1. Condition check: touching a residue at least 24 places away in the same chain (Cβ under 8 Å), out of contact with any Lys or Arg (no Cβ under 8 Å at 6 or more places or on another chain) and either under 23 Å from D25 (Cβ atoms) or not assigned by TED's automatic domain parsing to the domain that holds A28 (or both). Does I137 satisfy that?
2. If only one of P72, P157, P106, P83 is in the same structural domain as G34 (by TED's automatic domain parsing), more than 23 Å from the chain's Cα centre (by Cα) and at pLDDT below 95, which one is it?
3. For the structure I just gave you, tell me whether F151 is among the aromatic types (F, W, Y), more than 21 Å from A22 (Cβ to Cβ), touching a residue at least 12 places away in the same chain (Cβ under 8 Å) and not assigned by TED's automatic domain parsing to the domain that holds A22.
4. Out of the residues in the stretch 141-173 that are small (G, A, S) and within 25 Å of D25 (Cα to Cα), which is surrounded by the most Cβ atoms within 10 Å (Cβ to Cβ)?
5. What are the residues in the stretch 168-186 that are assigned to a loop (DSSP other than H, G, I, E, B) and farther than 16 Å from R142 by Cβ, if any?
6. Can you tell which of T169, T178 is assigned by TED's automatic domain parsing to the domain that holds L134, hydroxyl-bearing (S, T, Y) and touching an Asp or Glu at 6+ places or on another chain (Cβ under 6 Å)?
7. Could you please find all residues in the stretch 113-129 being part of a loop (DSSP other than H, G, I, E, B) and either under 13 Å from L203 (Cα atoms) or in contact with a Gly (Cβ under 7 Å, 6 or more places away or on another chain) (or both)?
8. Where in the stretch 22-94 are there strands (runs of 3 or more DSSP E), lying wholly inside it, with at least 2 residues that are of a type in the set (G, A, S) and out of contact with any helix residue (DSSP H, G or I) (no Cβ under 7 Å at 6 or more places or on another chain)?
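The values are calculated or read from the model by the stated rules, or taken from the named source; none is laboratory data. Just so you know, these numbers come straight off a predicted model, no measurement behind them. In this analysis, Cβ positions are derived from the backbone assuming ideal geometry, glycine residues included, and neighbour counts consider all displayed protein chains.
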Amino acid sequence: RFGALGPRHWDVPRRAVDAIDAKSDLYALLADLGVRVEALQIAAPPSWYHPGRAATVTLGPNPLASFGELHPSVLEAFDIELPVVAFEFDLEALPRPKAKAGKARPPLEAWPFPPADRDFAFLVDADLPAEDLLKVIRSADRRLVREVRLFDVYAGPGVPEGKKSLAVTVRLQAQDHTLSEGEIEGVAHHIIEAARSRLGAELRG
């Protein structure tokens, strides 16, 4: 991918594609291929990716895929003058699908009730992998936390030295009812407490 994302609108600036977009594309594809994306780990990327804006994805000890922004030297070699993000994965490293007793598909899982999105910004140690925070949030309430997405990483003025800010959107949804404000606040409390007790994270602002 390259270029800008977002609709053209006078009040909504478009943004350049980044490593998070490449990761989202990769994880969506791996999920469709039957990979349990919540079990994936993050490691250092290959040399043809930007070292600060890319990663390798492992499943257990085995490298499975890589994603992120291509290294400037690669772009220069191909006379590309703007950032490019990409992903790749090893077909041979994909886990083999389990044998099924029959050909019938499992019943469609319906989610007829509306989701509720909540944003959180946590102060964490600068060397903490963002994926560690995402895993803790997912485990805070496995029944109601449908999706966790990292949308901002910041370190600079306003953030203590040795710390960084990780901002995430958490989607909450129940399969059998519309969530009440009390339920949403309860899950939010569990998320904040889990991040604090397990990672030493503090809610920012």
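1. Yes, satisfied.
2. P72
3. Taking the combined requirement at face value, the residue does not satisfy it.
4. Filtering the stretch 141-173 for residues that are small (G, A, S) and within 25 Å of D25 (Cα to Cα), the one surrounded by the most Cβ atoms within 10 Å (Cβ to Cβ) comes out as S165.
5. H177, T178, S180
6. Matching residue, one of T169, T178: T169.
7. A126
8. So the answer is 49-59.
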